[in-house]
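> Here it is, the structure, as structure tokens.
The values are calculated or read from the model by the stated rules, or taken from the named source; none is laboratory data. All values reported here derive from a predicted model rather than from experimental measurement. No Cβ is skipped: glycine too gets one built from the backbone with ideal geometry, and neighbour counts run over all protein chains shown. Remember, those area values only see protein heavy atoms, side chains included, never the ligands or the DNA or RNA. Shrake-Rupley method; radii C 1.70, N 1.55, O 1.52, S 1.80 Å.
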Amino acid sequence: MVAVLATIFIASPLTIWGIYAIGEYGIALFILTPLLIGLVSTILLGHNRTVSTKEALQISFITLGVFTGGLILFAIEGLICIGMASPIAAIFTLIGGLTGKSLVNKRPDHSLTIILISTISIPITAFSEKENTSNRLHTVSTSLIINASIESVWHNVIEFPKMEEPSEFIFKTGISYPINSEIKGKGTNAIRYCNFNTGSFVEPITEWSKPKRLRFDVLEQPEPMIEYSLWDINAPHLHDYFVSERGEFKLTKLPNGQTELTGTTWYRHNIKPSTYWKIWSDWIIHKIHTRVLNHIKINAENAS
């Protein structure tokens with residue numbers, strides 16, 4: 001119990017400070033903090049005694065569980081964010097626990113130094129990440145074949161009626177999903193509104209090549225998710241950490257009256273490690289694309 005509580009006493013202020021004071025979701029939070037949780041809890045458990053691999057893993061993951069439970073209990077983060085972060089957190093908690101076990105069994109005299117270094121490394125890394133944000137532009141495209149004319153598909157691209165409630169599991173977890181779209185005006189003076197359950201994307205049209213291409217910028221966007229929690233959560237990652245820059249619908253006329261419809265989104269996210277979080281972002285965007293494209297397909301084919 002002492003090992004668990006002492007570790008949480010170290011990790012919690014660093015986490016809250018990193019999220020709310022520095023405003024950084026990155027390696028310090030998702031890699032170094034789980035590493036510290038496994039490392040420090042195991043070292044403290046092994047004070048003046050040896051630690052087995054089983055004991056190291058038990059204390060590491062008990063501490064991680066209590067720590068994440070506290071994040072939910074005190075409205076710091078919600079279930080969906082913790083669930084998405086859990087694979088990478090589990091890996092580095094495991095590494096921390098095994099490293100701590102090796103230290104206390106072979107070089108116990110270095111234990112305090114390692115705890116201090118691992119603790120100090122978190123704020124240093126958070127500051128460094130904040131000052132070195134690459135914010136690279138990412139692209140996601142999804143295509144679908146529709147058994148309808150290109151004109152019919154175009155009509156349903158620029159605006160489409162209300163969709164049915166989503167059946168996909170991902171949208172039942174709190175990830176926002178599209179409901180319908182509407183457009184005000186025509187041509188490059190038009191503004192398209194893609195309405196989600198959390199609000200509306202405001203999309204000024206930048207290219208109106210009827211019936212082959214519709215391009216738009218994203219002027220405003222809603223929150224990307226609704227965090228499930230015991231409390232009302234307004235975590236910083238809900239604002240400006242995932243930014244949709246622009247989008248496009250490309251229509252290609254195929255033989256036999258078919259149309260290939262491709263939806264593309266260009267986006268940035270300020271969450272690290274970028275390689276890990278890009279997997280989640282790309283997958284979620286593909287799911288959103290698929291929901292929209294299938295809806296357009298159904299309406300265009302029914303109208304044909």
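> Between K184 and S209, with labels modelled 7 Å along Cα→Cβ, what's the label distance in nm to one decimal, could you check?
2.7 nm
> Among T264, T53, T15, determine the one that fluctuates most according to a GNM of the chain built with springs between C-alpha atoms less than 10 Å apart.
Largest GNM mean-square fluctuation: T53.
> How much FRET efficiency would the formula 1/(1 + (r/R0)^6) give for K278 and E220, where r is the Cβ-Cβ distance and R0 is 30 Å, rounded to 0.05? Don't skip to the end; give the middle numbers.
Details: r = 24 Å, r/R0 = 0.78.
After rounding, the FRET efficiency stands at 0.80.
> Please compute the contact order of the chain in relative form: average sequence separation of alpha-carbon pairs under 8 Å and at least six residues apart, divided by the residue count, as a percent. Intermediate values should be presented prior to the final figure.
Values: 554 pairs, mean separation 62.3, N = 304.
Once divided by the residue count of the chain, the mean separation gives 20 percent.
> Can you give me the % of accessible surface on the chain that is carbon or sulfur? Probe 1.4 Å, all protein chains present, nothing else counted. Intermediate values should be presented prior to the final figure.
Working: 9120 of 15010 Å².
Carbon and sulfur together cover 61 percent of it.
> Tell me the mean residue ellipticity at 222 nm calculated for the chain from its helices only (DSSP H runs of n ≥ 4, each -39500 (n - 2.57), averaged over every residue, nearest 500).
Helix-only estimate at 222 nm: -15500 deg cm²/dmol.
> I want to check the label-to-label distance for I298 and I124. Put each point 7 Å from Cα in the C-beta direction and report it in nm to one decimal.
Placing both labels 7 Å along Cα→Cβ, they lie 5.6 nm apart.
> State the extension gain, in nm to one decimal, for the chain segment bounded by Y20 and K253, taking 0.36 nm per residue of separation less the distance between their alpha-carbons.
Numbers: separation 233, 0.36 × 233 = 83.88 nm, distance 5.02 nm.
Stretched fully, the Y20-K253 segment lengthens by 78.9 nm.
> Where in the chain are the DSSP H helices whose C-alpha atoms run 27 Å or more along the long axis and whose mean Kyte hydropathy is at least -1.0? The partial results should precede the final answer.
Details: long enough: 53-73 (30 Å, 1.20); 79-106 (39 Å, 1.32); 111-131 (31 Å, 1.02); 274-303 (42 Å, -0.39).
Flagged H segments are 53-73, 79-106, 111-131, 274-303.
> While we're here: For an R0 of 35 angstrom, estimate the FRET efficiency from the Cβ-Cβ distance between T113 and L73 and round to the nearest 0.05. Don't skip to the end; give the middle numbers.
Details: r = 33 Å, r/R0 = 0.93.
Computed FRET efficiency for T113 and L73 comes out at 0.60.
> Taking 30 Å as the cut-off for C-alpha to C-alpha distance, list the pairs among K184/K278; K101/K287; K162/K253 that go past it.
Numbers: K184/K278 33 Å; K101/K287 42 Å; K162/K253 26 Å.
Beyond 30 Å: K184/K278; K101/K287.
> So what is the accessible area of the chain per residue, in Å², with the probe set to 1.4 Å?
Values: 15010 Å² over 304 residues.
Spelled out: the 1.4 Å probe surface of the chain, per residue, equals 49 Å².
> Add +1 for every Lys or Arg and -1 for every Asp or Glu among the other residues with Cβ under 15 Å from the Cβ of P161, and state the total. Numbers along the way, then the final one.
On the way: positive: K162, R192, R291, K297; negative: E159, E164, E165, E182, E301.
Charge balance near P161 sits at -1.
> Okay, which of segment 263-288 sit inside 16 Å, backbone N to the point 7 Å along the Cα-Cβ direction of N197?
So the set is 284-285, 287-288.
> Here's a follow-up. State, as an integer percentage, the relative contact order of segment 177-228 based on alpha-carbon contacts under 8 Å between residues 6 or more apart. Intermediate results must be reported in sequence, preceding the final value.
Numbers: 102 pairs, mean separation 14.4, N = 52.
Dividing the mean separation by the residue count of segment 177-228 yields 28 percent.
> At a temperature of 37 °C and a viscosity of 0.692 mPa s, determine how fast segment 49-183 diffuses translationally according to Stokes-Einstein, using the Kirkwood radius over alpha-carbon pairs as Rh; express D in µm²/s, rounded to the nearest whole number. Could you put the intermediate results ahead of the total?
Working: Rh = 20.3 Å.
Here the translational diffusion coefficient equals 162 µm²/s.
> Also: Taking a 1.4 Å probe, which of Y193, Y177 shows the most accessible area, and what order do the others take after it? List each step's numbers first, then the result.
Values: Y193 65, Y177 30 Å².
Result, largest first: Y193, Y177.
> Running a GNM on the chain with Cα contacts under 10 Å, which residue among N135, N105, N256 ends up with the highest mean-square fluctuation?
Judging by the Gaussian network model, the answer is N256.
> Expressed in nm², what is the orientationally averaged projection area of the convex hull enclosing the Cα positions of segment 159-225?
Details: hull surface 19.4 nm².
The Cα convex hull of segment 159-225, projected and averaged over all directions, gives 4.8 nm².
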